[in-house]
Amino acid sequence: MAASLKVEFHFDFGSPNAYLAELALPGIEQRTGAKFDYVPVLLGGVYKATGNMSPAESLRGIKNKPGYNALETQRFLRRHNVTKFTMNPFFPVNTLALMRGAVAAEIEGLFEPYFRAAYHHMWVEPKKMDDQQVFRAAFLSSGLDIDRIIARAQQDEVKKKLIENTSNAVARGSFGSPTFFVGNEIYFGKDSLREVEDEILAQLSAEKRKTA
């Protein structure tokens, strides 16, 4: 039943909120039977296309709101029992190489280990992942054939695919990360996960009624 419903998670490794949101997705999948498609996008490209900016920029100099955002993050960590999260001291990190790597890893059949390693080195044991030497050493320490992924990431098909993913996301209404699509319904941010789950169940229920 869930196979006919397209559910997507649009992410950029540079977003701490995307990392935190992803930790909750397996639970949603288990409860609903849906399966998220993981779609790498370039957040910098999304921002450029929409005129948006990161919270680090937009909240600079604003009183109270940054503190409240930090409070909400702590609440999220407690709600979802997240114990492995460290704010990256090099934030914001240029993620072009990381996101091209995600597309390349998918082509090479290495997406899952690459994805886990990238998030580990960004938000569990954070490093300056836009430094080429740090990038390579980090993935090697996680046991990945990173030179194979780096070589693939230089190919035009990978560069074009990342641009295509990013452009398509913006065309569908995306303005940041994490963004979720349940069918054609768009949701933004880690705090929309309850609504995402409700919408999945609602659409699955509607499908079931149609086929009954």
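The numbers here are math on the coordinates, done by the rules we state, and not lab data. Small disclaimer: the values here were computed from a predicted structure and weren't measured. Cβ sites come from the backbone with ideal geometry, for glycine too, and all protein chains shown count toward neighbours.
Only helices at least 15 Å long along their axis, Cα-based, and averaging -1.0 or more on Kyte-Doolittle count here, so list those DSSP H runs from the chain. Helices meeting the criterion: 16-32, 96-107, 156-171, 193-211. Taking a ≥ b ≥ c as the square roots of the Cα gyration tensor eigenvalues, segment 172-212 comes out oblate, since a/c reaches at least 1.5 and a/b does not exceed b/c.
Remark: for residue pairs K84/K160; K35/K128; K84/K128; K65/K190; K84/K190, the C-alpha separation exceeds 24 Å in K84/K160; K35/K128.
Summary of packing: across the peptides 86-93, 74-81, the per-residue average of other C-beta atoms within 10 Å ranks them, highest first, as 86-93, 74-81. Remark on the chain: ratio of C-alpha radius of gyration to 2.2 N^0.38 Å is 1.04. Within the shell defined by Cβ-Cβ distances under 13 Å, the residues around L5 carry a net charge of -3, with Lys and Arg each +1 and Asp and Glu each -1.
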